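Down below is the structure, laid out as C-alpha cells.
What follows draws every value from the coordinates through simple rules; no lab data is involved. This is a predicted model, so every value here is computed, not measured. Note that we place each Cβ from the backbone using ideal geometry, even for glycine, and neighbour counts take in every protein chain shown.
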Amino acid sequence: MSQSCDIPGTTVPRDRFPLPDSDLATESGATEERLVLAGGCFWCVEALYQAVEGVKAVTSGYAGGSAETANYKAVCTGNTDHAEAVEVRYDPSVTSFGELLRLFFSVAHDPTQLNRQGHDTGPQYRSAIFYESEAQEVIARAYIHKLDGAGVFRAPIVTSLEPLTGFYPAEDYHQDFAARNPHQPYVMAVAGPKLDKLRDHFGDRMKSDHQDED
C-alpha cells in the first residue's frame, strides 16, 4: 500500500494519523465504556465500528434532540436537533476512547464537511461527538485542536461537541443495516470503502472475521 497522502483533504496518510495526546482513564475492572458519535448516515458508521476489535455492540439511533422527535420521518426533515448517530459500546481493555476517535476522524467520515457527508445534506448528517462526561469533552476538544493545529486536514474541522442529553435507538429496520444488506447500492458505495480503508490501514484494529472479506 502506498504511503502517499491518501485521505482526501488531508496532509498525512492514514497509517500515520495521530492519536490523541491523552486518553480516557477507565476504572479498574471496568468491562464496558460508551461513545456516541455522528458522522453522516448511521448505517455506514455503524458498519465500520462493528468491525473494530474490542467493540462489543453498535446501535444506530438519534442524538441531540428530544424523545418526541426521535424517529426517522421527523429526523429526515432536518427540522429537529437530532443527528443520525451511533452508540458504540466497547471493552476498554481491548480498545480505547482515543483509538475510536482516531478512526472517527481518519476513516469513518470527513470532519470538514458542515451539515453534510457527500450527497447527504442537512443538520441530521452533521459531524458531532456527544460527550457524557467532562473527561470525554476535554479529550475530544484537545484532539480536534491538535489535528487543526498540525494541519492534518486542509480545511478546518467542523465537528461539534455536544452534551449527550439522550440517545434514542433507531427503528429496528435500521439496525445492522449494512450487514443485512451488503449489496444495497448505498451500502456498497459508502460503507464498503470505509471498511476497505480500515482493513488496509488499521488492519490490526479489525476483528479477525472481517479482515478477509471482499
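Annotations
- Legend: P(r) of the range 54-122 from all alpha carbon pair distances, 5 Å bins from 0, whole percents, reading 3, 14, 20, 22, 18, 15, 7, 1.
- Reference-scaled alpha-carbon Rg (2.2 N^0.38 Å with N residues) for the range 163-214: 1.39
- Over the chain, relative contact order from alpha-carbon pairs under 8 Å, at least 6 apart, %: 29 percent
- The range 47-91 and the range 154-214 have Cα centres separated by 12 Å.
- Cα-based shape type of the chain, given that a ≥ b ≥ c are square roots of the gyration tensor eigenvalues and the cut on a/c is 1.5: rounded
- 10 Å binning of all Cα-Cα separations within the range 12-111, expressed as whole percents from 0 upward: 15, 42, 31, 11, 0
- The tail of the calculated P(r) for the range 83-204, taken as Cα-Cα distances beyond 21 Å, holds 46 percent of the pairs.
- Summarising the strand pairing of the chain, around 85 percent of its internal DSSP beta bridges are antiparallel.
- Of the residues HIS145, HIS210, HIS109, the one with the fewest other Cβ atoms within 10 Å heads the list, and the complete ranking is HIS145, HIS210, HIS109.
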